[in-house]
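Okay, so here's the structure we're looking at.
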Amino acid sequence: MFTSASIGIALSSTVDYDQPEDVIRDADTAMYRAKTQGKARYELFNPEMYAIAVARLQLENDLRRAIEREEFRVFYQPIVSLISGSVVSFEALVRWQHPKRGLLSPADFIPLAEETGLIVSIGYWVLYEATRQMQTWQVSHCSHSLEKISVNLSIKQFSQPDLTEQIRQILSETGLAPTSLVLEITESVIMENGAQATEELFQLRDLGIELSIDDFGTGYSSLGRLNSLPISILKIDRSFISPINASSKNLEIIEIIITLAHKLGVSAIAEGVETKEQLALLKKLNCESVQGYFFSEPLDSLAATALITANPKW
Ligand code: C2E
Ligand code: MG
Ligand code: MG
């Protein structure tokens, strides 16, 4: 058996201590720092760590209250079909309207939400809100080409044994057809969660929900697993799209991912399309759909409604 320890050290020569509790507290802060930097190492306490720990604690407290205070917002980014040139779906992307810090992006709070488990209730709220909004759009714009709403699911949400039941409940409350919902998962969900996640994916598919692999190409998937799972979309990560031009190596990778998708019988969506050139190349490669700032940034629900009404064609 191998064991390892993370060690935090507080020195009386760096801080003037009066109370033994304070030394322990600082050593503890340094120990947590050592843990987050990777296991089996030591860290020396410095006052800056204390400031970081306090800021984190503050953020965690704010995050715990954010749901009941209704501070989260869902933004919507259009996904455009390259076959019809119209908006066929939206991806729901969460934002946090922080009372002091303004509108925060997922990068500022999703990692902490995942660490603390708060992502489970945030994810539930986003799913509910996005589903409700989509149902409203389907009623108000029934002749529009809009087919689906896509919602990101965190790996942490798969640890709930009643995930499928919760989603079924949300759909029945909001009245949205399961076939109008796409759930985006990352490669890690398939690879790390094994049998239970697989079971849940099949249950979701049996309800009629579509499943999509987000950020494809950045993680690690076994092609065998991929082939045996009920996935219908691969989203090509924007890190492959942003550097492309007609001669780049990335172009070959994109071509391979699109071919792989088609061989597996699923469709491909390119993320992060920002230029006309990228769009032209993706069209040539028979990519089904595209998403990115070239078409639109994520929009609040009012602006997204205006976009649906304007019904632009690309
Ligand atoms: P994602 O699911 O891959 O979402 C795409 C991200 O790329 C979004 O960032 C979007 O604003 C950004 N993006 C779209 N087009 C472009 C482009 O042309 N150029 C560039 N540079 N960026 C573009 P955002 O909204 O900051 O979200 C970041 C990540 O946070 C998402 O990546 C997703 O993994 C996560 N996330 C967002 N909302 C949720 C949620 O409700 N639940 C969970 N679990 N994760 C979420
Ligand atoms: Mg996504
Ligand atoms: Mg993505």
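The values are calculated or read from the model by the stated rules, or taken from the named source; none is laboratory data. As the structure is a prediction and not an experimental result, all values here were calculated from the model. As a convention, Cβ positions derive from the backbone with ideal geometry for all residues, glycine included, and neighbour counts pool all protein chains shown.
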| said: Residues that are touching a His at 6+ places or on another chain (Cβ under 9 Å) and modelled with pLDDT of 95 or more: list the helices (runs of 4 or more DSSP H) wholly contained in segment 102-179 that include at least 1 such residues. | reply: 106-116, 119-140
| said: Can you list residue pairs whose Cβ atoms sit under 8 Å apart, with the first residue in segment 238-261 being more than 16 Å from residue 294 (Cβ to Cβ) and the second being at pLDDT below 90 and of a type in the set (S, T, N, Q)? Count only pairs 6 or more apart in sequence or on different chains. | reply: 239/218; 251/245
| Regarding residue 179, is this residue over 19 Å from the mean Cα position of the chain (by Cα), among the hydroxyl-bearing types (Ser, Thr, Tyr), surrounded by fewer than 14 Cβ atoms within 10 Å (Cβ to Cβ) and in the same structural domain as residue 89 (by TED's automatic domain parsing)? | yes
| note | Restricting segment 264-296 to residues that are hydroxyl-bearing (Ser, Thr, Tyr) and more than 12 Å from ligand 1 (Cβ to nearest atom), the one nearest to residue 223 (Cα to Cα) turns out to be 267
| said: Take the conditions of a type in the set (A, V, I, L, M, F, W, C), in the same structural domain as residue 212 (by TED's automatic domain parsing), farther than 30 Å from residue 141 by Cβ and without any contact (Cβ under 8 Å) to a residue 40 or more places away in the chain and apply them to residue 107. Does it pass? | reply: yes
| message | Yes or no: segment 293-301 includes at least one residue that is away from ligand 2 (no atom under 16 Å from the Cβ), among the small types (Gly, Ala, Ser) and at pLDDT 95 or above. | response | yes
| request: May I ask you to say which residue of 92, 113 is surrounded by 20 or more Cβ atoms within 10 Å (Cβ to Cβ), closer than 18 Å to residue 300 by Cβ and within 14 Å of ligand 1 (Cβ to nearest atom)? | output: 92
| Pick from 234, 207: which is surrounded by fewer than 18 Cβ atoms within 10 Å (Cβ to Cβ), modelled with pLDDT of 95 or more and either of a type in the set (A, V, I, L, M) or not assigned by TED's automatic domain parsing to the domain that holds residue 91 (or both)? | 207
| field | Which numbered condition residue 171 fails, given (1) of a type in the set (A, V, I, L, M, F, W, C); (2) in contact with a strand residue (DSSP E or B) (Cβ under 8 Å, 6 or more places away or on another chain); (3) away from ligand 3 (no atom under 16 Å from the Cβ); (4) more than 20 Å from residue 74 (Cα to Cα) | value | (4)
